[in-house]
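The values are calculated or read from the model by the stated rules, or taken from the named source; none is laboratory data. Note that the structure is predicted; figures quoted are calculated from it, not measured. Neighbour counts run over all protein chains shown; Cβ positions are idealised from the backbone, glycine included.
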Amino acid sequence: MLFWLKRAAAFLSGLFLFLLFYPESFAFAVLGGAINLVWAADDKLPHICRPFFNPGSLIFNTACLVFCGFKSGSAWWALALVGSSLAAWNIGLFRQRNQDASLNMQHQYLRLLGYRLGLGLAAGFSALALQSRFSVTFPLTFFLMLAGGFLFLRLLSGSMKKSQDRATRSDNVQ
């Protein structure tokens, strides 16, 4: 299941990258689409290349987004590219680290990934929709950044605590 979702996300990354650059730079659009199509089928690559190709594709997509930002391309396609490439990269990492994951664990992972991806895309699309509608002062921006950082650290510490609790429970059972 995760195998096909990673392929679909990598394919969508290639499609979004192509749509992002197609009118201005046909060669760059084709190159980006081809790299992402190879990323979709990275299981066919030799074992030596696989660990480098997954992060390499993510770095390539990020560089394309920076280039698109300098050329002031479509922010809507760029946001879709960010979501799909991060999903493909994250699923690839999960598959690499948890090769023997149970179906229940895969469903739980996909649910969490879906929540986070949905929240991130919703925040990005709402930021694009509200672009320059109102201005936020520096103190408010600084406070929001601190609050977001604090909530993110709480989220990380909570998940670390849960994983440690699970590890101690499994050690106690054995």
Problem - Residues that are modelled with pLDDT of 70 or more, farther than 28 Å from residue 112 by Cβ and aromatic (Phe, Trp, Tyr), drawn from the stretch 131-168 - result: 138, 142
Exercise for the section: Spot the failing condition for residue 99; the list is (1) surrounded by fewer than 17 Cβ atoms within 10 Å (Cβ to Cβ); (2) in a helix (DSSP H, G or I), and only one is missed. Expected result: (2)
Handout entry: Near pairs, Cβ below 7 angstrom, 6+ apart or cross-chain, from the stretch 15-35 (within 13 Å of residue 78 (Cβ to Cβ)) to any residue that is among the polar types (S, T, N, Q) and part of a helix (DSSP H, G or I)
Key = 16/84; 17/36; 17/61
